[in-house]
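Where a number appears in this text, it was derived from the coordinates with a stated rule and is not lab data. As the structure is a prediction and not an experimental result, all values here were calculated from the model. All Cβ positions, glycine included, derive from the backbone under ideal geometry; neighbour counts span all protein chains shown.
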Amino acid sequence: MSTVAERTWERTDLDPPEVAHLHHFLGAWQLIADLSFADLLLWCRLSESQGFVCLGQLRPVTAQTLHPEDAFARVVRPEELPIIDRAFAEARSWRRDEPVLVDGLQVRMEAVPVPYEGRV
């Protein structure tokens, strides 16, 4: 099974301090997922900037997951998740204007960049 570090080295241009920052960041994520009743997915830009790879996924214990499939190591093109592409490009949070319908529930999608020393 792949680890976050292995996937990061294989697919991105992040350096060791940036990878360590992501590991530290992911350590606090379960609490955030539980308190926000939300699935959290960590997307990282591929080194060739032609898409994103999922390097982390946490499901809330306090609510039903909306992503039952395993997204870890999944690669997507920018046009598949334009909100993430926009958050990366503009280095700021973005929320979809309209909620999406998932299993009959209206769900809001938000993309929040994770900065490290001035880089997203």
Name every residue in segment 26-50 that is surrounded by 14 or more Cβ atoms within 10 Å (Cβ to Cβ) and either assigned to a helix (DSSP H, G or I) or on the phi > 0 side of the Ramachandran plot (or both), in order of residue number. 26, 29, 30, 33, 34
Can you pull out every residue in segment 66-120 that is farther than 22 Å from residue 10 by Cα, in contact (Cβ under 8 Å) with a residue 24 or more places away in the chain and within 15 Å of the chain's Cα centre (by Cα)? 66, 67, 83, 86, 87, 91, 109, 110, 111, 112
Cβ contacts < 8 Å: first residue of a type in the set (A, V, I, L, M), restricted to segment 9-20; second residue surrounded by 12 or more Cβ atoms within 10 Å (Cβ to Cβ) and not in a helix (DSSP H, G or I), any location; separation 6+ or different chain. Result? 14/44
